[in-house]
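K.L.:
Dropping a structure here in structure tokens format, bear with me for questions.
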Amino acid sequence: AQSVSQHNHHVILSEAASLELGCNYSYGGTVNLFWYVQYPGQHLQLLLKYFSGDPLVKGIKGFEAEFIKSKFSFNLRKPSVQWSDTAEYFCAVKTWADSWGKLQFGAGTQVVVTP
Amino acid sequence: DSGVTQTPKHLITATGQRVTLRCSPRSGDLSVYWYQQSLDQGLQFLIQYYNGEERAKGNILERFSAQQFPDLHSELNLSSLELGDSALYFCASSVDLTGTNTGELFFGEGSRLTVL
């Protein structure tokens, strides 16, 4: 069965520190990859997405992610976090075997940025 | 604002009861998805409808059912509620009328259900 794994459940870091969140998926075919963010009390919002082309994808708020096909990974990075980045981050995968289908989400990583 | 509207935002009810959650997708979107978010299970896909027809089913209990109406809004019905059904229920939509499917989902703000 397809799965999406996020390596860390909780991350605590200080403002200005760098952030990297790991995401691996298990599916051998063509995929679209997403990172969503959920700020406290809010709905999920798209941070960035990868469909094809340049494997380094830039999103909103200074986030970027790199798709490494050989490693089935799509890790999220931000060079310098702010207190406002405190949120839960979800990696999600859409497979093209399921053309109108759902996104499969990882378990999420709760990120807390301390002042 | 994602354009997806969910009501009610909060709902408190008792075990054994039945509730209906409503979702209006973004204008032009044909697909509606329901997800359940709980502390121990994360974000779980329940069911998807596309233009009124059920398209995909996930971890949806038999006590739960959904439908999508001709105006494309959707309702999720939860019956014989148990304590463990307490969760945040998200609706998402995608796919515009041209049939473009980028895979991106647009989420509503969720309906928080508390079963006492």
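The values are calculated or read from the model by the stated rules, or taken from the named source; none is laboratory data. This is a predicted model, so every value here is computed, not measured. All Cβ positions, even for glycine, are placed from backbone atoms using ideal geometry, and neighbour counts span all protein chains on display.
K.L.:
Identify the single condition in (1) more than 13 Å from every other protein chain (Cβ to nearest Cβ); (2) within 27 Å of A:Val93 (Cα to Cα); (3) in contact (Cβ under 8 Å) with a residue 24 or more places away in the chain; (4) part of a loop (DSSP other than H, G, I, E, B) that B:Ser2 does not satisfy, given that it satisfies every other one.
P.N.:
Evaluating B:Ser2 over (1) more than 13 Å from every other protein chain (Cβ to nearest Cβ); (2) within 27 Å of A:Val93 (Cα to Cα); (3) in contact (Cβ under 8 Å) with a residue 24 or more places away in the chain; (4) part of a loop (DSSP other than H, G, I, E, B) leaves (1) as the failure.
K.L.:
Anything in the stretch B:37-91 that is in contact with a Pro (Cβ under 8 Å, 6 or more places away or on another chain) and either among the small types (Gly, Ala, Ser) or over 19 Å from A:Ala92 (Cβ atoms) (or both)? List them, or say none.
P.N.:
Of everything in the stretch B:37-91, those that are in contact with a Pro (Cβ under 8 Å, 6 or more places away or on another chain) and either among the small types (Gly, Ala, Ser) or over 19 Å from A:Ala92 (Cβ atoms) (or both) turn out to be B:Gly52, B:Leu72, B:His73, B:Ser74.
K.L.:
What's the total number of residues in the stretch B:5-28 that are in a loop (DSSP other than H, G, I, E, B), within 22 Å of A:Gln38 (Cβ to Cβ) and more than 12 Å from chain A (Cβ to nearest Cβ)?
P.N.:
Result for the stretch B:5-28: 3.
K.L.:
Moving on to the next point. Would you please name the residue that is modelled with the lowest pLDDT, looking only at residues in the stretch B:10-60 that are over 15 Å from B:Leu78 (Cα atoms) and aliphatic (A, V, I, L, M)?
P.N.:
Among those that are over 15 Å from B:Leu78 (Cα atoms) and aliphatic (A, V, I, L, M), it is B:Leu39.
K.L.:
Are any residues in the stretch A:7-39 under 13 Å from A:Glu88 (Cα atoms), at pLDDT below 95 and within 12 Å of the chain's Cα centre (by Cα), and if so, which ones?
P.N.:
If the condition is that a residue be under 13 Å from A:Glu88 (Cα atoms), at pLDDT below 95 and within 12 Å of the chain's Cα centre (by Cα), then A:Asn8, A:Gln38 are the ones that fit.
K.L.:
Which residue is farthest from the chain's Cα centre (by Cα), if the candidates are limited to the stretch A:54-96 and must be part of a loop (DSSP other than H, G, I, E, B) and within 14 Å of chain B (Cβ to nearest Cβ)?
P.N.:
Going through the qualifying residues, I end up with A:Trp96.
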